[in-house]
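Everything below concerns the one structure shown next.
The values are calculated or read from the model by the stated rules, or taken from the named source; none is laboratory data. These numbers come from a predicted model, not from an experiment. Virtual Cβ from ideal backbone geometry, glycine too; neighbours counted across all protein chains shown.
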Amino acid sequence: MKILVLMAVLMQSLPDGPGKDVTQSVCSLCHDAASAVLGKQWNKDEWERKVIEMLQEEPDVTREERTAIVEYLSTFFRPGGKIYINKSVAKVLEGALEISSEAANAIVRFRDRNGDFKSFDDLKKVPGVDAARVERKKDLLIF
């Protein structure tokens, strides 16, 4: 029962769209698919290289499944895409939010000390972060 609950939670973590099911089922053979991709913003070539690298030991995964995974990941986890504020590392936040490395590190430190952000208002409380600058990306934030 615990495994079914965990799988349900993980399935909700990834955005809905074509390729979600195959991405979840194939990638979860080795790791938690959601935690492996949330917070990354790679272009299609980068995702393709990562998928090939990760699946080289999985001969049962078809070319069509690999293509579906790459398409899914490059659609939902791309530069300029959604910003997973509670999952992203500082380097990703720096580029995605167009902020300094100091501000990105401040966000991660604040999150580590205080727990996940629940809203944009929580994010505005981070010392050293220009809220007006981050607000331009507000619609891309996922809490």
(request) Hey, can you tell me all the residues within region 116-130 that are out of contact with any Asp or Glu (no Cβ under 9 Å at 6 or more places or on another chain) and closer than 20 Å to SER35 by Cα? (result) PHE117, LYS118
(request) Could you tell me which residue of region 100-117 is farthest from the chain's Cα centre (by Cα), considering only residues that are farther than 15 Å from GLU135 by Cα and touching a residue at least 12 places away in the same chain (Cβ under 8 Å)? (result) GLU102
(message) Conditions first: (1) at pLDDT 90 or above; (2) of a type outside the set (Asp, Glu); (3) more than 18 Å from LEU14 (Cα to Cα). ILE69 passes all but one, so which condition is the exception?
(response) (3)
(message) Checking ALA36 against (1) in contact with a strand residue (DSSP E or B) (Cβ under 8 Å, 6 or more places away or on another chain); (2) among the small types (Gly, Ala, Ser); (3) free of Cβ contacts under 8 Å to residues at least 12 places away in the same chain: exactly one of these is not met. Which one?
(response) (1)
(message) Taking the condition of being aromatic (Phe, Trp, Tyr) and under 11 Å from LEU140 (Cβ atoms), how many residues in region 74-100 meet it?
(response) 1
(message) Can you tell me which residue is nearest to the chain's Cα centre (by Cα) among those in region 21-43 that are closer than 23 Å to LEU141 by Cβ and either of a type in the set (A, V, I, L, M, F, W, C) or modelled with pLDDT of 95 or more (or both)?
(response) LEU38
(request) Collect the residues in region 109-133 that are exposed (fewer than 13 other Cβ atoms within 10 Å of the Cβ), part of a helix (DSSP H, G or I) and of a type outside the set (Lys, Arg), keeping them in residue-number order. (result) ASP112, ASN114, ASP121, ALA132
(message) For region 67-89, give me the residue count where each residue is in contact (Cβ under 8 Å) with a residue 40 or more places away in the chain and under 18 Å from SER25 (Cβ atoms).
(response) 8
